[in-house]
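Student: This structure is in structure tokens; I'll ask about it shortly.
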Amino acid sequence: MNSTVFDAFRCLNLLATGNRAFGIREIGREMGLDPAKVSRLMQTLLALEMVQQDARRKYSLGMGIHRLSANAIHNSAFYTAVLEMLEETGSHSVSIVVGVLSGKNVVYLIHTRGGKSIARAIGNYESFPVHDSVIGIKLLSAMSDEEIVARLGVHDYQLLKRDIEEARRHQVFGKTFNETDYRMACIIPGMQAAIALSNIQGDKLDIDKLRHFLISAARKISGAALPPL
């Protein structure tokens, strides 16, 4: 692994998730890097317009990263498939979410909300603890116990073990988080991502229909055949 490239991406991730500008020494503390190395990385990223520097000599994401993001979304088969699925589905009270794992958290790439436009659902990038997300639990269930422990630690694994085992037994994993919020998730085949429905209310027939919808949506996004129910 090229450590310089790795550290550059770590710095970009900090700026992307920090929601504010960072100084060299602050980045160094957060990343566990020597300030001199951070300074060199920032100068390279500055030349590439991946970061920008303000009057206080602090750094935030630059227009280069936004161009890269726009091109990635525009040319992404994944986002194209997701958008087509959302357009076919239309607006409903049930939320549709697509997420990926990031450490101990789940990052939402897509998150529709009842009555909101599809445009507002794209690039949502909200982050939630893995234990608060059916997407997180379902994605963990595809890993070995050893991989989960390495990611979460033994204590958190034990807290989630029952849910993870349940998720392994079913193609669609469902869980009630409170009296009015039942959620279900399905892994998107061939991708380290999952699609979920939340804010679900209704009887068993409604749940069964939504389960079939979720599997169909995962199939459309991946273009791969899912195993029979």
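Student: For the chain, which whole percent of the accessible surface, found with a 1.4 angstrom probe, sits on carbon and sulfur atoms?
Tutor: About 52 percent, which is the carbon plus sulfur part of the accessible surface.
Student: How many Lys pairs in the chain lie less than 18 angstrom apart by Cα atoms, where the lysines are 8 or more positions apart or on different chains?
Tutor: Pairs that pass both the separation and distance tests number 9.
Student: Let me ask you something else. For the chain, list log₁₀ I(q)/I(0) at each q in 0.08, 0.16, 0.18 Å⁻¹, using the Debye formula over Cα point scatterers of equal strength and ignoring solvent, two decimals each.
Tutor: One equal scatterer on each Cα of the chain leads to -0.36, -1.15, -1.29.
Student: In the range 139-200, what is the volume of the convex hull around the alpha carbon atoms, normalised per residue and reported in Å³? Intermediate values should be presented prior to the final figure.
Tutor: On the way: hull volume 5.5 nm³, N = 62.
Cα-based convex hull of the range 139-200, divided per residue, equals 88 Å³.
Student: Follow-up question, since we're still on this one. Can you tell me the 0 to 90 degree angle between the C-alpha axis of helix 63-74 and the longest principal axis of the chain, rounded to 10?
Tutor: That works out to roughly 30 degrees.
Student: In sequence order, what are the phi-derived ³J(HN,Hα) couplings for the range 166-181 according to the Karplus relation 6.51 cos²θ - 1.76 cosθ + 1.60 with θ = phi - 60°, rounded to whole Hz, with x for glycine and proline?
Tutor: In residue order, the calculated couplings are 5, 5, 5, 7, 10, 5, 10, 9, x, 8, 8, 9, 7, 4, 10, 9 Hz.
Student: May I ask you to rank 179, 166 by accessible area, largest first, using a 1.4 Å probe over the protein chains only? It would help to have the intermediate numbers written out before the result.
Tutor: Working: 179 190, 166 65 Å².
Ranked list, largest accessible area first: 179, 166.
Student: On a 0 to 90° scale, report how tilted helix 3-18 is relative to the longest principal axis of the chain, with both axes built from alpha carbons and the result rounded to the nearest 10.
Tutor: Between the helix axis and the principal axis of the chain, the angle is about 70 degrees.
Student: Per residue, how much accessible area does the chain have with a 1.4 Å probe, in Å²? Before the final figure, lay out the partial values.
Tutor: On the way: 13090 Å² over 229 residues.
Per residue, the chain has 57 Å² of solvent-accessible surface.
Student: Treating each Cα of the range 16-108 as an identical point scatterer and ignoring solvent, apply the Debye formula and state log10 I(q)/I(0) at q = 0.10, 0.16 Å⁻¹.
Tutor: One equal scatterer on each Cα of the range 16-108 leads to -0.42, -0.85.
The values are calculated or read from the model by the stated rules, or taken from the named source; none is laboratory data. Fair warning: this is a prediction, and the values are worked out from it, not measured in the lab. Surface areas here come from the heavy atoms of the whole protein model, side chains and all, with no ligands, DNA or RNA. Shrake-Rupley method; radii C 1.70, N 1.55, O 1.52, S 1.80 Å.
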